[in-house]
Amino acid sequence: MTTRGTRSEKVKRIFQQFDANRDGGLNRDEMAALVVAVNPRVKFSDEQINAILDEVFRTYGEFIDGDKGLTYDGLLRTYDDGAGDVDRDFDALELELNDDNKGSTIEAEASSSSIVDERVIESQKKQRTAAWAVSPNHGIVFDDTWKIVDDLEILIKRLKAKQAKDGKFKADNFDAFSDAGWSRELGPSSEISEKRVFWEESGNDFAAFVRELGALRTRADGARSREEAFDGHMAIGRVLYDHQLFKEALVSFKRACELQPVDVRPHFRAGNCLYVLGRYKEAKEEFLLALEAAEAGGNQWGYLLPQIYVNLGIALEGEGMVLSACEYYREAAILCPTHFRALKLLGSALFGVGEYKAAVKALEEAIFMKPDYADAHCDLASALHAMGEDEKAIEVFQKAIDLKPGHVDALYNLGGLYMDLGRFQRASEMYTRVLAVWPNHWRAQLNKAVSLLGAGETEEAKKALKEALKLTNRVELHDAISHLKQIQKKKVKGNEGANGEGVFVIVEPSKFNTVNGKTTLRQDLAIALQIRVFQRISRLSRCDVELLKKEMSENDVPLSYSGGGVPEKSIRKPNLEEILRRLLNFLKPETFQGAVKVINERILSVLDDTGSGRVDLGMIYAVLAPICSGTPDKRKRVAFDALLWRPVNEGGSQIKRTDAVRYINLLRAIYIPSHGVSEMLELHGEEDSSMVSFKEFLVMFDDPDWGFGIMSTLVKLESGDRNRHGNCVCSVCRYPIIGSRFKEIKSHFSLCSQCYSEGKVSPAFKQDDYKFKEYGSEAEAMKDKCTCLPLQSRNGR
């Protein structure tokens, strides 16, 4: 080891080298030059340099001599504290001691590994570790740790060379995709574009690397103190993480957590590894431990809280918990108002749950702080499009693409916007650009086909569909191909619209009649189809209504009081999200995010009309019950029980009439917004203290005019809207009919549910009025056809 005398001499030579104005101190410019010079491999951003200097000048404030800066004693103290390695820095600067000090040499630690000789060569080449190693609070503290890091760098270099030689080492450019935005470092965040490295972990080379890595870990465990062992494992983890060996880095950070359980850093870094490995739940737990340690540590870790909040939010998003993530992004933005990543993530998450105005505000603030933030521009444009500001959205999408020409998300979403506007040629151009960056993007290939079809380029659309079929075998593609074939048939007959859909006329509802009471009315079907769409996106049709009852019986909710002093079992939206996650635990995270979005837009926005962020849980259960799975009787019973569960009715077998009326009105406001929702309250909802039994509740619920009588039509759709009718296609849209088939008994043409509900009819079948018969399946149609065979034969001649 270097003696104290030699050490101080080397520090003095380093100090003199950078004290350019010879005033006995190193100001910020001189310190910046020192940091850059001793880390020749690292390309620092201005933000990183400023963060390091802020930390040094804050930590060693007692050694700051006014404008002169850090004194020689202060620089010596930084090295004594482990903020840097004197010998490394001295060698990197190619300095020399006075002649009487040249006899001092450094002896390499004895080792049975062949790494030692390579380490000397690496030192001669001036290879240095990353910027984190010189950070006063987060860098390497002990000299022996540097030796471990040297050996590890050589091991990794050796592994990389072997795998590159065998063609196993791969690096993919992720610059085209939206950045996750998570904080990789415990310090000021900066936007990082990097290549993702994929190591081949199954070969002998990697197994040998792991064995030698184990020996380095054993050396770290054999340190003279617990603190030095902790330092060693943290450094090993950091180096492995920098080289994207995340599984091995996790092992080291976990060991560091065992050595110092209350330290923030190993929990934070273990969380980062787990997130990259896709283990989001475990990542969340590590970030929560880091948060707990940071809050318990007082001011020591206070400045790290924003980074922990950000990464905790992103881990929650990985689980699909976007409402919960918003809370942590807000906390990060409050603690650090200039944290543009936190604002961008907050805006993106708010967009993800359908709160578009708030999303636009957060994203605009992020862009104000970082004008070249392409991902923020992309999400801002998406939010503007959702709000109907399409022309402005196009400008912002284009700005994102100008900043990052191969930005897949921006190109794909702009293509969708052009499709919505009917600008099909421009849409196909955007999808073509997406495929140039990501050739296996089957959705882009399918949308390209649809846009080409809209532009009237049928042959090109067929080619695009065939390409999409090579990428995936999803049923949507087969339906699209069948649709194209039908369009070709119509084209031969000369009866085709400009966008590939048959020409049609809209018939007023009074002219649409039904043969019998079994055929669904056009108006009822339109409403039921909208509710069915909501059921599908929210996936509530797959949630057993009995689970709502189980939640009410097993989970206690504390009482709170509304502005009027009425007791409620109300909860915050993030807590409701946890309940929804239990109810929909069969969903993948991304699917669950979509479910939460539509539930927030359709239901929570109505129940939380004041914007307080809290909702009446009993009313939530009652509103969800009618669209969950289960028999109609069970759904109504659970809805009634949910109203009984509310504090105002709890303990009895009846509910207040006013509560029942309010519930029915909320149902209609949420699920049938196009129809009046206040009439029932005005006509039947006078101040009334009377009670309602379950039997009376059913009468109110099933009322076709003022209740939720549409439920019978909805149940009918649920049981048959996946039925196919052979080769029968809709006479208007030309798509294969799925669900109910509506056959006009005079002209014998058929409509799908969607076209029937919208009143679309081909001009070729125009008549004064229409009579339709509904077939739920092909078997029903065949049975009816056999019954009417003579009539069908005469019409066929």
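The values are calculated or read from the model by the stated rules, or taken from the named source; none is laboratory data. None of the values given here were measured: they were computed from a predicted structure. Please note: Cβ atoms are built from the backbone with ideal geometry, for glycine as well, and neighbour counts cover all protein chains shown. Quick note on the areas: whole protein, heavy atoms, side chains included, nothing else; ligands and nucleic acids left out. Shrake-Rupley method; radii C 1.70, N 1.55, O 1.52, S 1.80 Å.
Here are the numbers for the structure shown:
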item	result
Segment Ser45-Arg224, length gained on full extension (0.36 nm per residue, minus Cα span)	60.8 nm
Placed amide H near Val732: partners under 5 Å, 5+ positions off or other chain	Cys752
Straight-distance crosslink candidates among lysines, where the alpha carbon sits under 20 Å from Lys695 and sequence neighbours closer than 8 are dropped	Lys549, Lys634, Lys636, Lys656
Low-density loop positions, trypsin sites (Lys or Arg not before Pro), segment 700-772 - DSSP coil, at most 14 other Cβ in 10 Å	Arg722, Lys746, Lys766
Whole-Hz couplings from phi, Karplus 6.51/-1.76/1.60, listed for segment 43-56; x for Gly and Pro	9, 7, 8, 4, 5, 5, 4, 4, 5, 5, 5, 4, 5, 5
Estimated FRET transfer efficiency when R0 is 41 angstrom, pair Lys746-Arg536 (beta carbons, to 0.05)	0.75
Trypsin sites (Lys or Arg not before Pro) restricted to DSSP loop in segment 567-667 with at most 12 other C-beta within 10 Å	none
Förster-model FRET efficiency, 45 Å R0, Asp402 and Ser674, C-beta, rounded to 0.05	0.65
Cα-projected label distance for Asp705 with Lys281, points at 7 Å along beta-carbon direction, nm	5.2 nm
Per-pair calculated FRET efficiency, R0 = 41 Å: Ile334 and Ile506 via Cβ, rounded to 0.05	0.20
Apportionment of accessible area to carbon and sulfur, segment 250-320, percent (1.4 Å)	51 percent
Heavy-atom accessible area per residue - segment 207-273, 1.4 Å, Å²	36 Å²
Burial ranking of peptide ranges 616-629, 427-440 (average Cβ count within 10 Å, highest at the top)	616-629, 427-440
Amide hydrogen neighbours beyond the local backbone of Ser570, cut-off 5 Å, H modeled	Ser560, Leu617
Filter on Lys160/Lys404; Lys511/Lys766; Lys404/Lys470; Lys399/Lys597; Lys344/Lys404 - keep pairs with C-alpha separation over 19 Å	Lys160/Lys404; Lys404/Lys470; Lys399/Lys597
Under Karplus coefficients 6.51, -1.76 and 1.60, residue-wise ³J(HN,Hα) of segment 700-710 in Hz, glycine/proline x	5, 5, 7, 4, x, 9, 10, x, 10, x, 5
Per-peptide average of other Cβ atoms within 10 Å, ordering 204-215, 457-468 highest first	457-468, 204-215
